[in-house]
Amino acid sequence: MHKGSDILVAALESEGVQRVFGVPGEENLDVLESIRNSGIELVLTRHEQAAAFMAATHGRLTGRPGVCLATLGPGALNFATGAAYAHLGAMPMILVTGQKAVMSARQARFQIVDVVGSMRPLTKMARQIVSAGSIPTTVRDAFRVAMEERPGPVHLELPEDVAAETVADATLVPPHAPERAVAHRDALETATRMILEAKRPLVMVGAAGNRPALVEPLSAFIVRTGLPFFNTQMGKGAVDGGSNLYVGTAALSEGDYVHEAIERADLIIAIGHDTVEKPPFLMRSAGGPKVIHIGYQSATVEEVYHPDFEVIGDIGASTMALAERLQGRLSSDEELPELRQRILAHLNDRADEDRFPITPQRVVHDVRKVMPEDGIVCLDNGMYKIWFSRNYRTHVANTLILDNALATMGAGLPSAMMAAMLHPDRRVMAICGDGGFMMNSQEMETAVRLGLNLVVVILNDSAYGMIRWKQAVDGFPDFGMTFNNPDFVQYARAHGARGSRVTAVEDLVPTLEAAFAGGGVHLIDVPIDYSENSRVLVEELKNRSPGVECA
């Protein structure tokens with residue numbers, strides 16, 4: 001006889017799951033015991049939201065669903081933001097929650113809410129498991145749905161009586177890799193003709209182009225065709241940013257220096273653009289460049305994105321087929337090198353400025369200086385995200401992890417913790433604003449308990465800085481955005497981590513180096529001067545292009 005919870009855990013092991021992240025409850029005790037007797041590691045977090053962020057980041061970095069566990073009611077609902085984070089960000093994840101017994105109601109409606117109904121709008125699939133015998137097929141289907149393009153979260157609810165139920169047969173369903181359709185030959189031929197006819201074609205790599213399996217085909221496509229490229233925020237790092245064909249990252253929707261290249265293009269080849277991202281450029285019905293959409297799925301038609309032609313199928317296979325057709329047939333743009341240098345020079349402006357508190361440009365410059373090419377920087381959500389998107393050069397895929405879809409605060413620390421667990425041999429840094437850090441700061445204890453090597457940088461302005469900046473740009477009075485912070489150095493030490501405070505601009509690099517050299521979890525409090533937000537991202541860009549949008 002096989003118990004439901006044992007079948008569930010065996011099915012997870014069959015899918016290659018090595019860790020489950022979460023906060024168990026009374027309704028998960030059978031599952032907890034099954035995990036204890038398995039080869040799966042339970043990673044106990046201090047809040048369910050952090051567990052969901054970690055599971056989602058596992059999916060993003062590996063292409064395989066991360067798994068998180070919570071109890072019913074309040075625990076399950078704490079997964080909501082993490083589910084939305086994975087759903088908008090296209091990160092494969094399995095959320096497992098408990099529930100009271102469904103065959104009896106000995107506690108009446110205590111703690112019971114419709115979790116499956118709550119999760120449906122936030123997931124690709126939400127399902128209650130109704131019998132132990134159905135667990136093998138349900139788990140296999142959940143992983144299939146989570147991994148299929150467009151990937152995302154799947155929710156499974158396991159009532160406690162189903163977890164304890166025993167059945168005679170529990171044959172597991174072997175996993176298999178999802179098969180992806182290949183683009184039609186006629187579509188490839190039309191796209192080839194459009195690219196060859198264009199005078200100034202430009203490639204854009206979007207969020208769906210930044211899947212782990214696409215690094216080699218996309219990088220080869222750029223090299224073989226010689227086409228210049230830029231990327232969206234979540235497409236950053238999919239192709240080597242050190243290439244002399246890279247012209248920048250579209251951190252704003254229009255008016256930034258990279259938009260000089262976008263505005264002069266007569267054709268944009270949008271690889272994997274997902275309109276959940278803030279628009280990297282505003283597509284117009286007339287007068288702008290034509291757009292070819294290359295994606296796993298057809299484009300979502302939006303006011304600012306309505307492609308002229310689409311190539312639908314596996315992105316890796318599509319770009320390889322296009323490279324075969326285009327290699328050696330495209331002439332280089334003679335004006336591009338000078339334009340590229342001008343764009344990148346603007347992004348490097350004042351990168352070594354020595355005033356204190358430290359400017360965002362200097363923070364980006366100094367972080368890049370201490371991070372090796374394969375070092376991973378995980379951003380929370382704040383004003384610094386725009387600066388890192390614009391100014392931080394990536395040389396290896398998935399080395400700048402940010403969220404430009406849900407754009408939630410609180411994900412930076414858990415995502416960095418996941419990166420450190422997956423890549424213990426690489427430098428990993430979390431960069432958080434003081435507001436975002438405090439939303440999941442309790443996970444410092446988790447990071448210390450797990451023995452992670454992790455540097456956490458807090459950019460401290462005692463305010464919700466991005467909204468305060470937008471408030472000023474829109475002409476509103478300064479109101480409701482400032483707060484007091486704890487002593488972050490003592491806060492780190494209270495969790496068993498080390499803490500440092502930067503008090504001069506020249507101390508940032510040596511403090512970061514010492515933190516990495518010392519190992520363990522090290523928090524660094526860095527005062528930040530955000531006056532550059534208005535000087536560069538408003539006034540300077542307005543002078544370049546009247547009517548620029550601010551963010």
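Does Glu13 count as surrounded by fewer than 18 Cβ atoms within 10 Å (Cβ to Cβ), outside the structural domain of Ser415 (by TED's automatic domain parsing), modelled with pLDDT under 95 and farther than 22 Å from Met409 by Cα?
Numbers: surrounded by fewer than 18 Cβ atoms within 10 Å (Cβ to Cβ): yes; outside the structural domain of Ser415 (by TED's automatic domain parsing): yes; modelled with pLDDT under 95: no; farther than 22 Å from Met409 by Cα: yes.
In short, no.
Table: residues versus (1) out of contact with any strand residue (DSSP E or B) (no Cβ under 7 Å at 6 or more places or on another chain); (2) free of Cβ contacts under 8 Å to residues at least 40 places away in the same chain.
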position	(1), (2)
Ala286	yes, yes
Pro289	no, no
His306	yes, yes
Asp333	yes, no
Glu338	yes, yes
Asn348	yes, no
Val367	no, no
Met371	no, no
Going by the structure shown, is Glu260 in a helix (DSSP H, G or I) and modelled with pLDDT under 95?
yes
When residues of region 62-80 are limited to those that are surrounded by fewer than 20 Cβ atoms within 10 Å (Cβ to Cβ) and in contact with a Leu (Cβ under 9 Å, 6 or more places away or on another chain), the one nearest to Leu122 (Cα to Cα):
Ala80
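For Gly313, indicate whether it is crowded, with 19+ Cβ neighbours inside 10 Å, assigned by TED's automatic domain parsing to the domain that holds Glu254 and of a type outside the set (S, T, N, Q). Spell out how you get there, then give the answer.
Working: crowded, with 19+ Cβ neighbours inside 10 Å: yes; assigned by TED's automatic domain parsing to the domain that holds Glu254: yes; of a type outside the set (S, T, N, Q): yes.
In short, yes.
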State the number of residues belonging to region 150-186 that are under 27 Å from Pro92 (Cβ atoms) and not in a loop (DSSP other than H, G, I, E, B).
10
Take the residues of region 404-421 that are outside any helix (DSSP H, G or I) and out of contact with any helix residue (DSSP H, G or I) (no Cβ under 6 Å at 6 or more places or on another chain): which is surrounded by the fewest Cβ atoms within 10 Å (Cβ to Cβ)?
Ala407
Quick one: which residue in Thr190, Thr232, Thr225 is in contact with a Pro (Cβ under 7 Å, 6 or more places away or on another chain) and touching a residue at least 12 places away in the same chain (Cβ under 8 Å)?
Thr232
When region 400-437 is examined, which residues are found to be of a type in the set (Gly, Ala, Ser) and modelled with pLDDT under 95?
Ala405, Ala407
Going through (1) modelled with pLDDT under 95; (2) within 27 Å of Ala80 (Cα to Cα); (3) in a loop (DSSP other than H, G, I, E, B) one by one, Ala397 fails only at (2)
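Quick check on Asn210: is it surrounded by 23 or more Cβ atoms within 10 Å (Cβ to Cβ) and of a type in the set (S, T, N, Q)?
Details: surrounded by 23 or more Cβ atoms within 10 Å (Cβ to Cβ): yes; of a type in the set (S, T, N, Q): yes.
Judged against the criteria, Asn210 is a match.
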For region 366-403, which residues satisfy the criterion of being in contact with a helix residue (DSSP H, G or I) (Cβ under 7 Å, 6 or more places away or on another chain), among the polar types (S, T, N, Q) and closer than 27 Å to Arg535 by Cα?
Asn381, Asn391
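Of everything in region 139-195 that's of a type in the set (Lys, Arg) and more than 24 Å from the chain's Cα centre (by Cα), which residue is surrounded by the most Cβ atoms within 10 Å (Cβ to Cβ)? I'd like the intermediate steps shown before the answer.
Taking region 139-195 and keeping what is of a type in the set (Lys, Arg), we get 140, 144, 150, 180, 185, 193.
With more than 24 Å from the chain's Cα centre (by Cα) added as a condition, the list becomes 140, 185, 193.
Values: Arg140: 18, Arg185: 9, Arg193: 12.
Only one residue fits best here, namely Arg140.
Can you confirm whether region 500-512 contains a residue that is in contact with a Gly (Cβ under 6 Å, 6 or more places away or on another chain), surrounded by 13 or more Cβ atoms within 10 Å (Cβ to Cβ) and at pLDDT 95 or above? Spell out the reasoning first.
Going through region 500-512, the residues in contact with a Gly (Cβ under 6 Å, 6 or more places away or on another chain) turn out to be none.
No: region 500-512 contains no residue that is in contact with a Gly (Cβ under 6 Å, 6 or more places away or on another chain), surrounded by 13 or more Cβ atoms within 10 Å (Cβ to Cβ) and at pLDDT 95 or above.
What helices (runs of 4 or more DSSP H) lie completely within region 271-386 and have 3 or more residues being more than 25 Å from the chain's Cα centre (by Cα)? If you could, list the steps in order and put the result at the bottom.
Numbers: elements: 315-326, 336-347, 360-370.
The qualifying helices (runs of 4 or more DSSP H) are 315-326, 336-347.
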How many residues, within region 219-246, are surrounded by fewer than 24 Cβ atoms within 10 Å (Cβ to Cβ) and of a type in the set (Val, Ile, Thr)?
3
Sort out which residues of region 313-325 are hydrophobic (A, V, I, L, M, F, W, C) and under 17 Å from Met204 (Cβ atoms), and write them in order of number.
Ile315, Leu322, Ala323
Complete set of residues in region 33-51 that are more than 21 Å from the chain's Cα centre (by Cα) and either surrounded by fewer than 14 Cβ atoms within 10 Å (Cβ to Cβ) or not in a helix (DSSP H, G or I) (or both)
Arg36, Asn37, Ser38, Gly39, Ile40, Glu41, Leu42, Leu44, Arg46
Tell me yes or no: at least one residue of region 170-178 is within 20 Å of Ile269 (Cα to Cα) and either out of contact with any Asp or Glu (no Cβ under 9 Å at 6 or more places or on another chain) or free of Cβ contacts under 8 Å to residues at least 12 places away in the same chain (or both).
no
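Per-residue answers, yes or no, for (1) within 20 Å of Phe79 (Cα to Cα); (2) outside the structural domain of Tyr384 (by TED's automatic domain parsing); (3) touching a residue at least 40 places away in the same chain (Cβ under 8 Å); (4) of a type in the set (A, V, I, L, M):
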position: Thr408; (1), (2), (3), (4): yes, no, yes, no
position: Ala411; (1), (2), (3), (4): yes, no, yes, yes
position: Met417; (1), (2), (3), (4): yes, no, yes, yes
position: Pro424; (1), (2), (3), (4): no, no, no, no
position: Cys432; (1), (2), (3), (4): no, no, yes, no
position: Phe437; (1), (2), (3), (4): yes, no, yes, no
position: Gly465; (1), (2), (3), (4): no, no, yes, no
position: Ala472; (1), (2), (3), (4): no, no, yes, yes
position: Pro477; (1), (2), (3), (4): no, no, no, no
Taking first residues from region 135-162 that are under 17 Å from Met119 (Cα atoms) and second residues anywhere that are of a type in the set (D, E, K, R) and assigned to a strand (DSSP E or B), the pairs with Cβ under 7 Å that are 6 or more apart or on different chains are Thr138/Arg127; Leu156/Arg127
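The values are calculated or read from the model by the stated rules, or taken from the named source; none is laboratory data. Keep in mind that this is a model prediction, so the values were computed, not measured. Glycine gets a Cβ as well: all are built from the backbone with ideal geometry, and neighbour counts include every protein chain shown.
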